[in-house]
């Protein structure tokens, strides 16, 4: 596999698998002995995830502005 790391954070990592053009999302629980969940998303799934994240961001911003 040819992976390209797109984001590395202490709780989440995002990697692109260049062979099958998928996004690998790895999330850990941040515990003393971390447990990981890994999801492989295709392009359509990534589009839906991005849309949900943008909606989340909009709602957080509107709630903080008092709307």
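Please treat every number below as a calculation from the coordinates, not as lab data. Nothing here was measured: the structure is a model prediction, and the numbers come from that model. Cβ coordinates were reconstructed from backbone atoms using ideal geometry, including for glycine residues, and neighbour counts include every protein chain displayed.
Observations on the structure shown:
- For beta carbons closer than 9 Å, sequence separation of 6+ or different chains, a first residue in segment 37-52 that is free of Cβ contacts under 8 Å to residues at least 40 places away in the same chain and a second that is assigned to a helix (DSSP H, G or I), the qualifying pairs are 39/45; 41/48; 41/49.
- Scan segment 6-23 for residues that are surrounded by 10 or more Cβ atoms within 10 Å (Cβ to Cβ) and more than 16 Å from residue 46 (Cβ to Cβ) and the total you get is 2.
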